[in-house]
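The values are calculated or read from the model by the stated rules, or taken from the named source; none is laboratory data. The structure presented is a predicted model; accordingly, all values stated were derived computationally and were not measured. Here the Cβ positions follow ideal geometry from the backbone for every residue, glycine too, while neighbour counts run over all protein chains shown.
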Amino acid sequence: MKARWFSLYGVSRRPPPGESFEDLAMPLFDRLYNLAHWLTQNRDEAEDLIQETYAKALKGFSSYQPGTNFRAWMYRILRNTFLTSRAGLKSFEPLDETGEDIAAADEQTPESLLLKHLDLELVRKAIDGLPVPYREALLLCEVEEMSYQEIATTLGVPMGTVMSRLSRARRALRESVRKLQGE
Amino acid sequence: MAGEHWTDKLDAYLDGELNAADEESLRRHLRECSACAAEAVERMQLKRSVHDAGMRYKPDAAFRARIQQSLRSKQRRRYSWSWAPVAAVLAAAIVGVALWTTHFREHMRERQLVGELIDQHVATLASANPVDVVSSDKHTVKPWFEGKVPFTFDLPDLQGSPFVLVGGRTSYINQSPGAELIFRLRQHQISLFIVQDRATGGDCGTPLAASYSFHVQSWGSDGLCYFAVGDVNAEDLNALAKLMQPRG
């Protein structure tokens, strides 16, 4: 049994032949906007990012191969557009992804998280504080419910890097939440 | 303390990314190890929280409408641009095919007519009675055709020319009655077919190709069409054509 407990979109949405770009892309609009806002942390910049993403995607729609993952294709355009934006260039600082992460297990006992009801605003604050590469991997996994493979396709990195980033993101998030809970 | 071996796999388990065997082993372990079970619950709680917290931003309805509108107008433009060359190519192809078909049909009809003229000329030469009226006198030959063909024609005075009138016979070109005059030029015989213009399907006066060493020359005059056929060269046929149309 799969441990996923919610499912909003299929992992790969295969377009039947003849579907227009608008038919395929507009259902993703709210979710793409959500991620754009998370990445840019600013409404105006999120709107600019979405506008540019849709314009680029429409322009490149002829290169999209029907039957492949349209959602991952759109997210990749969004993400690459963000990467080349001013805000994106600033946010993608080099990460040390070579060190141990999973092995460095939490030294604290989990009770502090387990027993307290997690305040969503607090979690949002913790997510906001994550470096963008961790934030985007975490949001694609938890909010967009993408598989590791789909995230790897979207981010253009190997599966191992996806797993490593997710692990680091979650650890950083747990630490951040605990810290915020203690304030 | 949760076992490191198992905690390494907890995230993949909760993400639904473990293979079936590992998933089963981990599930069995979680039933026995309270530390790992607590860790799993905590991580799942965080996962749920991130999911809920992550659904944070909603786009403005106006912004959404603006993007949708812009997509529609861009798509329309794209379609109109992308269809323009296709339509142009299609139109050109249709015109091309139509022209080629017309040309091909004309070519075939012309070939058919040339074949028919040559056949009749050869049949005349091979006949034991090549002419029905034997005379070199135009005043004998011309009246002979009265009542046999639905037109009349002029015959030139051949005095001083290398052509000799041998005689004439009735003929049919494209199922229309016509006159066939036989001339001699040196040792060669030339058939001159005369029919009404409308029987030739518009081929009157057009340069006709040579076939099987025979030459065919055509010209039109006074609603009549003339076809000279023979194994002489084209210049000789031209000379006969000039004699036959003194006004031109």
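With respect to A:Arg13, is the statement that it is more than 20 Å from A:Tyr134 (Cβ to Cβ), modelled with pLDDT under 90, more than 12 Å from every other protein chain (Cβ to nearest Cβ) and assigned to a loop (DSSP other than H, G, I, E, B) true?
Numbers: more than 20 Å from A:Tyr134 (Cβ to Cβ): yes; modelled with pLDDT under 90: yes; more than 12 Å from every other protein chain (Cβ to nearest Cβ): yes; assigned to a loop (DSSP other than H, G, I, E, B): yes.
So A:Arg13 fits the description; yes.
Could you check region A:120-178 and list, in sequence order, the residues that are touching a His at 6+ places or on another chain (Cβ under 9 Å) and part of a loop (DSSP other than H, G, I, E, B)? Spell out the reasoning first.
Of region A:120-178, the ones touching a His at 6+ places or on another chain (Cβ under 9 Å) are A:142-143, A:145.
Within region A:120-178, A:Val143, A:Glu145 qualify.
Check region B:17-33 and report whether any residue there is assigned to a loop (DSSP other than H, G, I, E, B) and at the interface with another protein chain (Cβ under 8 Å from one of its Cβ atoms). Yes, the conditions are met somewhere in region B:17-33. Being assigned to a loop (DSSP other than H, G, I, E, B) and either at pLDDT 90 or above or within 8 Å of chain B (Cβ to nearest Cβ) (or both) is not true of A:Lys56. Close Cβ contacts (under 8 Å, 6 or more residues apart or on different chains) running from residues in region B:28-53 that are in contact (Cβ under 8 Å) with a residue 24 or more places away in the chain to residues that are buried (at least 19 other Cβ atoms within 10 Å of the Cβ) and outside any helix (DSSP H, G or I) comprise B:Cys33/B:Ala2; B:Ala35/B:Ala2; B:Cys36/B:Ala2; B:Ala38/A:Pro110; B:Ala38/B:Ala2; B:Glu39/A:Pro110; B:Glu39/B:Ala2.
B:Lys58 passes every criterion in (1) at pLDDT below 90; (2) at the interface with chain A (Cβ under 7 Å from one of its Cβ atoms); (3) exposed (fewer than 13 other Cβ atoms within 10 Å of the Cβ) apart from (1).
Taking region B:146-163 as the range and being within 44 Å of the chain's Cα centre (by Cα) and either within 16 Å of B:Asp119 (Cα to Cα) or among the hydroxyl-bearing types (Ser, Thr, Tyr) (or both) as the test, only B:Thr152 passes. Here region A:164-183 is the region considered, the condition is being within 9 Å of chain B (Cβ to nearest Cβ) and surrounded by fewer than 21 Cβ atoms within 10 Å (Cβ to Cβ), and the residue that is nearest to B:Thr7 (Cα to Cα) is A:Ser167.
Among the residues of region A:110-117, is any within 23 Å of A:Arg170 (Cα to Cα), crowded, with 20+ Cβ neighbours inside 10 Å and modelled with pLDDT under 90? So far as region A:110-117 goes, yes, one or more of its residues are within 23 Å of A:Arg170 (Cα to Cα), crowded, with 20+ Cβ neighbours inside 10 Å and modelled with pLDDT under 90.
Do we find a residue being surrounded by 13 or more Cβ atoms within 10 Å (Cβ to Cβ), closer than 17 Å to A:Thr40 by Cβ, at pLDDT below 95 and small (Gly, Ala, Ser) anywhere in region A:79-86? Break it down stepwise before answering.
Let us first name the residues in region A:79-86 that are surrounded by 13 or more Cβ atoms within 10 Å (Cβ to Cβ), namely A:79-83, A:85.
With the extra rule that they be closer than 17 Å to A:Thr40 by Cβ, the set shrinks to A:79-83, A:85.
Subset that is at pLDDT below 95: A:79-83, A:85.
Applying the additional criterion that residues be small (Gly, Ala, Ser) yields A:85.
Looking for residues that are surrounded by 13 or more Cβ atoms within 10 Å (Cβ to Cβ), closer than 17 Å to A:Thr40 by Cβ, at pLDDT below 95 and small (Gly, Ala, Ser), one finds at least one in region A:79-86, hence yes.
If only one of B:Phe63, B:Phe153, B:Phe104 is within 20 Å of B:Met244 (Cβ to Cβ) and modelled with pLDDT of 80 or more, which one is it?
Working: B:Phe63 fails: within 20 Å of B:Met244 (Cβ to Cβ); B:Phe104 fails: within 20 Å of B:Met244 (Cβ to Cβ).
Only one candidate passes the filter, namely B:Phe153.
Just one of (1) under 45 Å from the mean Cα position of the chain (by Cα); (2) modelled with pLDDT of 85 or more; (3) among the aliphatic types (A, V, I, L, M) fails for B:Val166. It is (1).
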